[in-house]
Amino acid sequence: MYRLLFHRYSMLILFIINLIGTIYGYIWYGWQLEITPPIFLPFVPDSPTASLFFTIFLGLYLIGRQNGYIEALAVVSLFKYGIWAVVMNLLTIAVAGSLSWQGYMLIASHLGMAIQGLLYAPLYRVKLRHLAVAAIVVLHNDIIDYVFDMMPIYGNLMDYSDNIGYFTFWLSIVSILVGYIATQQKSSLRNLNK
């Protein structure tokens, strides 16, 4: 499985898919970015930025380069925002009683985000300093989202923003731990695509 997953053509296809998904994600956030104060603009489009980190990882890897900071940001933020979006859409079903087809698309695509970040962990060259920076970034983003009220606007869920903020903080902690476990295990899988 890893031999196919780490094949150059598979990674090129995944690069293209993630690039298109990242662009679509920024477009999806367009209306919220229009009402966001400029100083907070980098912190609002969470999922597209997570997929951007992974897209950069893939692009660098395909040209024979790597960056531990990008890889740490990718694995931690992909897991965090992938799981976050799945939970928010399931919560929307619980609160509103239904979900649009776009919501189901978001569940599938964001679950894929969380999984792909972990699947490629054997290729990452992440050190503890890289994870420390990723941890600061995701926790800082939580502060921007839930102290300065810049969180993604999810219609019916806005009445629960304090609870969602609490959940998101602990999801960040879990994501950092998952990133640590995924990237600090030594594996011979790194060389399967050579």
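The values are calculated or read from the model by the stated rules, or taken from the named source; none is laboratory data. Everything quoted here is computed from the prediction, not taken from an experiment. Here the Cβ positions follow ideal geometry from the backbone for every residue, glycine too, while neighbour counts run over all protein chains shown. The protein model used for the area step is the full one, side chains on, heavy atoms only, and it has no ligands, DNA or RNA in it. Shrake-Rupley method; radii C 1.70, N 1.55, O 1.52, S 1.80 Å.
Quick notes
- Remark: the stretch 51-114 carries 40 Å² of accessible area per residue (probe radius 1.4 Å; ligands, DNA and RNA excluded).
- Loop-located trypsin sites (Lys or Arg not before Pro) across the stretch 80-134 with a Cβ neighbour count of 14 or fewer within 10 Å are R125, K127, with loop assigned by DSSP.
- Taking all protein chains together and rolling a 1.4 Å probe, T36 ends up with roughly 20 Å² accessible.
- Averaging the sequence gap over all C-alpha pairs within less than 8 Å and six or more residues apart, then dividing by the number of residues, gives the chain a relative contact order of 26 percent.
- Label point distance in nm, I23-I153, each placed 7 Å from Cα along Cα→Cβ: 2.6 nm
- Between the beta carbons of R65 and I115, assuming R0 = 25 Å, the FRET efficiency works out to 0.55 to the nearest 0.05.
- Max mean-square fluctuation residue, GNM over the chain, Cα-Cα springs under 10 Å, options Y120, Y24, Y69: Y24
- Accessible-area rank, largest first, for V75, V133: V133, V75, with all protein chains present and a 1.4 angstrom probe.
- Over the stretch 1-101, relative contact order from alpha-carbon pairs under 8 Å, at least 6 apart, %: 24 percent
- For the chain, the share of accessible area belonging to carbon and sulfur comes to 70 percent (1.4 Å probe, ligands and nucleic acids excluded).
- K127 paired with I173, simple spin-label distance in nm, labels 7 Å along Cα-to-beta-carbon: 2.8 nm
- Helix 8-28 vs. the chain, principal-axis angle (Cα, 0 to 90°, nearest 10): 20 degrees
- Relative contact order of the stretch 131-189, taken over Cα pairs closer than 8 Å and 6 or more residues apart, is 45 percent.
- The modelled label-to-label distance for the pair Y166/I13, using points 7 Å beyond Cα in the direction of Cβ, is 4.5 nm.
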